[in-house]
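Peer 1: Have a look at this one before I ask anything.
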Amino acid sequence: MQPMQPAEVQLNGQSFRVVDGPSFAWLYREQFHQEVFRFESSCPRPLMLDCGANVGVVTAYLKNRFPDARVVAFEPDPDCFAALQHNCRSYSGVETVAAAVWITEGELEFDPVGAVGGHVAELSGRNGDADRIRVKAVRLRDYLTEPVEFLKMDIEGSELAVLEDCRDRLAMVRFLFVEFHSFVGRPQNLGRLVQIVEDAGFRLHAHGSMEEPQPFLRIPVHNRKDFRLNLFAYRS
């Protein structure tokens, strides 16, 4: 694993703290240049949920695009959350939650993985990591009690369990983004996740990630994961 490269940059004229400069540069291009999450809002003060907010690049994009939006940003990693709080300090209507979204409230064992790509420990099938910590968990379905304009889920392998727990409330969501992950040696279950999203009335578009030119010869592994797929779900 490459060491993190913390930095402080200027974003929209404000100080923006990042835990890893190269990761931030990639996210910045994706959000502020490509605008991969660009959409037209259906209401003047939409509710948006940023699950796995990291240092807040997506939250910053959403607030710049929709200044009156209400955004709830969830991040369990302590280092990322400290940066997230700093980076959101000037935005009104943003609630930062130091927790992992999960299927129950309480606490979870969490692998920080160098503050980028951390995940719920039980998902990887590994035991006894020296840097494992305990973090707060909140139940995402408890936040799906009113219309949600945009739900972003980049929660490093927790997405299937959380979507299954929320499946009867996904009708509240207009746009859904899920970064799907599978851990090495663990069941992938992509079909189950797609079925949940389709059953909720969404259509799907996908962007490849972690693509390998010769996958029958070599499968790339990053943060103990061997597959990642970006799923954009929308209503026709």
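The values are calculated or read from the model by the stated rules, or taken from the named source; none is laboratory data. Since this is a predicted model, take the numbers as computed values, not measurements. Virtual Cβ from ideal backbone geometry, glycine too; neighbours counted across all protein chains shown.
Peer 1: In the list Arg89, Arg65, Arg45, which residue meets the criterion of being more than 16 Å from the chain's Cα centre (by Cα), closer than 19 Å to Leu144 by Cα and surrounded by fewer than 23 Cβ atoms within 10 Å (Cβ to Cβ)?
Peer 2: Unique residue meeting the criteria: Arg45.
Peer 1: Looking only at the stretch 118-128, decide whether some residue is in contact with a Lys or Arg (Cβ under 6 Å, 6 or more places away or on another chain), within 15 Å of Val55 (Cα to Cα) and surrounded by fewer than 18 Cβ atoms within 10 Å (Cβ to Cβ).
Peer 2: No.
Peer 1: Please verify whether Arg126 is farther than 15 Å from Glu95 by Cβ, basic (Lys, Arg) and part of a loop (DSSP other than H, G, I, E, B), treating the condition exactly as stated.
Peer 2: Yes, satisfied.
Peer 1: Let me ask another. Can you report the number of residues in the stretch 15-40 which are over 28 Å from Trp102 (Cβ atoms), touching a residue at least 12 places away in the same chain (Cβ under 8 Å) and out of contact with any helix residue (DSSP H, G or I) (no Cβ under 8 Å at 6 or more places or on another chain)?
Peer 2: Counting residues in the stretch 15-40 that are over 28 Å from Trp102 (Cβ atoms), touching a residue at least 12 places away in the same chain (Cβ under 8 Å) and out of contact with any helix residue (DSSP H, G or I) (no Cβ under 8 Å at 6 or more places or on another chain) gives 2.
Peer 1: A follow-up question, please. Please note which strands (runs of 3 or more DSSP E) are completely contained in the stretch 172-236 and include at least 3 residues that are crowded, with 18+ Cβ neighbours inside 10 Å.
Peer 2: Per the criteria, 173-183, 225-234.
Peer 1: Any residue that is surrounded by 22 or more Cβ atoms within 10 Å (Cβ to Cβ) and out of contact with any helix residue (DSSP H, G or I) (no Cβ under 9 Å at 6 or more places or on another chain) - is there at least one of those in the stretch 94-107?
Peer 2: yes
Peer 1: Could you check how many residues of the stretch 1-23 are assigned to a loop (DSSP other than H, G, I, E, B) and surrounded by 12 or more Cβ atoms within 10 Å (Cβ to Cβ)?
Peer 2: Within the stretch 1-23, residues that are assigned to a loop (DSSP other than H, G, I, E, B) and surrounded by 12 or more Cβ atoms within 10 Å (Cβ to Cβ) number 5.
Peer 1: Next question. Taking Asp165, is it surrounded by 15 or more Cβ atoms within 10 Å (Cβ to Cβ) and modelled with pLDDT under 95?
Peer 2: No: the conditions fail for Asp165.
Peer 1: In the stretch 24-42, how many residues are small (Gly, Ala, Ser) and either in contact with an Asp or Glu (Cβ under 9 Å, 6 or more places away or on another chain) or exposed (fewer than 13 other Cβ atoms within 10 Å of the Cβ) (or both)?
Peer 2: 2
Peer 1: Restricted to the stretch 58-104, and to residues that are touching a residue at least 40 places away in the same chain (Cβ under 8 Å) and of a type in the set (Val, Ile, Thr), which residue is farthest from Glu30 (Cα to Cα)?
Peer 2: Checking each candidate, the answer is Ile103.
Peer 1: So Asn12 passes all but one of these: (1) of a type outside the set (Ser, Thr, Tyr); (2) within 22 Å of Leu176 (Cα to Cα); (3) touching a helix residue (DSSP H, G or I) at 6+ places or on another chain (Cβ under 9 Å). Which condition number does it fail?
Peer 2: (2)
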